[in-house]
Amino acid sequence: MNAIIARPPVRALARKELRELRRHRMIVATAAILPVAFLVLPVANLLFYDPARAIGGPDFAVGQAMFCFFLTPVIMPATMAAYGIIGERDQGTLEPLLTLPLSDRELLAGKVAAILLPTLTASFAIYAVYMAAVAAVVSEPVRSPALDWTWPFGLLLTGPLLALFSTLTGLVFSARSKDVRVAEHLSGLVLLPSMLPVLLIVTRTIEPSLLTWLGFAAVLALVDAALWKTAVRAFDRERAISTV
Amino acid sequence: MKGAEPAIVCEAVSRRFGERLALSGLTLAVERGEILGLLGPNGSGKTTTLRILATLLQPHEGAARVLSFDVARDAMEVRRRIGVMPERPSLYERQTVEANVSFWAEAHGLADPAGAVRDALRFVGLEDRRRDPVGSLSKGLKQRVALARAIVHRPPVLLLDEPSSGLDPSAAAAMEGLIRDLARDGATVLLNTHRLAEAERLCDRVAILREGRLLRIGTPRQVRAALLGHIVEVELAGIVDAPAQRAVESFPAVRETWWAPSAIRVRLADAERDTPELVARLVSAGARIIAVRPAGDLERAYLELMSQPLPGSLAA
């Protein structure tokens with residue numbers, strides 16, 4: 001996909017998408033509020049950690065916090081991706097867009113790039129702030145497990161793959177739905193159960209080791225590759241411009 | 001550009017939507033540099049034709065080519081060579097005029113997108129409004145932005161779907177002028193329109209569609225003549241005197257005449273061929289001519305055609 005994104009028309013599409021996302025108040029609000037909430041809650045949770053009153057140990061508290069950071073790259077792209085194709089059709093811009101010299105793959109790659117860029121920037125930025133906050137103000141016994149290297153390693157490795165999974169799922173539904181809300185709901189139905197493996201890792205049902213993260217990333221990469229093929233197949237130009 | 005075949009060729013193109021036949025065996029060619037107007041009632045297949053040529057729809061039968069590239073097989077090559085203006089301006093309303101047109105220039109991979117955008121906005125007269133959000137513009141100005149977007153990569157073929165739809169008379173006249181300028185610069189233009197007077201002024205030829213079938217194609221004059229007869233009206237400065245009357249009646253090409261005090265209506269064998277001779281004879285007879293015009297206009301011819309039963313249909 002990288003080779004496709006490097007093409008000037010695809011970069012132009014990605015820039016247009018970013019401009020459009022920036023000017024879309026609803027999307028900006030969703031994209032801004034969610035990461036901020038996901039930053040404040042985990043830091044507060046660890047800052048006010050009380051071993052006497054906490055359910056589960058320090059690892060459980062850190063796992064709860066980490067779940068938010070794995071959730072961000074999944075939830076943030078969902079709205080943007082669901083809007084990707086059907087939103088263009090609703091505002092009447094899809095028809096001229098499809099007359100540009102862009103193949104189906106290039107069109108989808110441009111959309112994906114424009115969604116991943118703000119998603120990953122926000123996801124990694126809030127995690128970096130979280131790490132800095134933990135290092136600065138959080139004390140033991142939660143400080144050490146929170147700063148454990150396996151968490152940033154896992155997030156850096158799987159965050160982009162999770163974001164791609166969410167984006168492609170949203171685009172598949174956006175390409176096949178006749179309504180933005182239907183696309184959002186359907187992708188939500190698929191995305192939430194798919195967080196189960198993350199939940200098992202952050203709750204340490206599966207130990208978050210190097211091998212765990214590599215294995216999880218490999219599975220995600222395979223799922224994403226299959227989803228990319230599905231998204232390309234699902235995108236039917238005639239169906240996309242049809243209003244019935 | 002390959003070969004020297006017409007810029008646009010449709011060969012027996014048919015297209016269905018479910019059970020409905022939207023286009024039935026359409027065959028037409030648009031020469032390079034020509035403006036061809038597609039006329040017809042709603043649902044006659046005009047937009048379907050444009051969408052097929054714009055690679056948005058595939059023909060179910062037949063073949064369509066743009067500059068010798070097949071719209072189904074060589075869609076990317078076609079897309080590089082066409083400029084499309086849909087019926088709705090279809091712009092990104094939250095973005096500026098410049099951003100809208102820039103996106104198109106960059107997506108076409110132009111070497112100097114900024115210069116191309118400047119030229120396109122200057123052409124449509126919107127250079128001063130380039131920083132305005134599109135959502136703040138009037139319908140007429142939005143149509144101009146849509147035209148600037150369609151021409152920013154200087155495509156040799158333009159597909160315009162009702163470019164003056166919903167515009168006030170002065171905005172429509174401005175749009176007409178812009179399209180004429182583009183054709184003068186060598187662009188081939190295929191446009192859909194319901195404005196028959198505009199089509200008559202602007203188009204080199206018109207094609208009239210109905211229920212997906214091509215009923216007539218020709219110059220507006222030819223279509224008028226075929227449907228309304230070869231009738232011309234000659235308006236004189238004074239009354240029609242005997243020498244003028246004799247000059248008309250002695251002309252072998254005259255089939256029928258109607259006389260008014262200071263005007264003559266004449267049915268000729270071939271209006272296009274015989275009108276200059278008729279005028280010459282009247283002038284020789286001392287008549288002072290104010291105007292010579294074809295009787296009836298394209299609108300009347302169009303309505304006449306629409307009132308006739310469809311060839312091959314069961315309608316009476």
Residue match in region A:37-56 (condition: among the small types (Gly, Ala, Ser) and open to solvent by 60 Å² or more (accessible area, probe 1.4 Å)): yes
Hits in region A:43-97 - residues which are part of a helix (DSSP H, G or I), among the acidic types (Asp, Glu) and either away from chain B (no Cβ under 14 Å) or farther than 24 Å from A:Ala29 by Cα (or both): A:Asp59, A:Glu95
Single condition A:Leu192 does not satisfy, out of (1) open to solvent by 50 Å² or more (accessible area, probe 1.4 Å); (2) away from chain B (no Cβ under 14 Å); (3) over 19 Å from the mean Cα position of the chain (by Cα): (3)
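Residues to consider are B:Asp161, B:Asp132, B:Asp128, B:Asp119; find the one that is within 30 Å of A:Arg11 (Cα to Cα), of a type in the set (Asp, Glu) and under 17 Å from the mean Cα position of the chain (by Cα).
On the way: B:Asp132 fails: under 17 Å from the mean Cα position of the chain (by Cα); B:Asp128 fails: under 17 Å from the mean Cα position of the chain (by Cα); B:Asp119 fails: under 17 Å from the mean Cα position of the chain (by Cα).
The conditions single out B:Asp161.
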Residue pairs meeting the criteria (Cβ under 6 Å; at least 6 apart or on separate chains; first more than 22 Å from B:Ser164 (Cβ to Cβ) and within 10 Å of chain A (Cβ to nearest Cβ), in region B:106-128; second assigned to a helix (DSSP H, G or I) and charged (D, E, K, R)): B:Pro113/B:Glu106
Some residue of region B:166-188 being surrounded by 20 or more Cβ atoms within 10 Å (Cβ to Cβ), touching a residue at least 60 places away in the same chain (Cβ under 8 Å), among the hydroxyl-bearing types (Ser, Thr, Tyr) and under 23 Å from B:Leu57 (Cα atoms): yes
Per-region count, region B:105-149, residues buried (at least 20 other Cβ atoms within 10 Å of the Cβ) and touching a strand residue (DSSP E or B) at 6+ places or on another chain (Cβ under 9 Å): 5
Conditions (1) within 14 Å of another protein chain (Cβ to nearest Cβ); (2) touching a Leu at 6+ places or on another chain (Cβ under 8 Å); (3) open to solvent by 60 Å² or more (accessible area, probe 1.4 Å); (4) not β-branched (Val, Ile, Thr): number failed by A:Asp236: (2)
Some residue of region A:163-175 being surrounded by fewer than 18 Cβ atoms within 10 Å (Cβ to Cβ) and in contact (Cβ under 8 Å) with a residue 12 or more places away in the chain: no
Considering residues of region A:98-118 that are free of Cβ contacts under 8 Å to residues at least 60 places away in the same chain and buried (at least 20 other Cβ atoms within 10 Å of the Cβ) only, the residue nearest to the other protein chains (Cβ to nearest Cβ): A:Thr99
Residues located in region B:59-85, provided they are within 12 Å of chain A (Cβ to nearest Cβ), open to solvent by less than 10 Å² (accessible area, probe 1.4 Å) and touching a residue at least 60 places away in the same chain (Cβ under 8 Å): B:Val66, B:Ile82, B:Gly83, B:Met85
Number of positions in region B:33-58 that are part of a loop (DSSP other than H, G, I, E, B) and either surrounded by fewer than 23 Cβ atoms within 10 Å (Cβ to Cβ) or away from chain A (no Cβ under 14 Å) (or both): 9
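The values are calculated or read from the model by the stated rules, or taken from the named source; none is laboratory data. In this text, all values refer to a predicted model and were calculated from it rather than measured experimentally. As a convention, Cβ positions derive from the backbone with ideal geometry for all residues, glycine included, and neighbour counts pool all protein chains shown. Ligands, DNA and RNA are stripped out before the accessible areas are found, and what is left, the full protein with its side chains, is counted by its heavy atoms. Shrake-Rupley method; radii C 1.70, N 1.55, O 1.52, S 1.80 Å.
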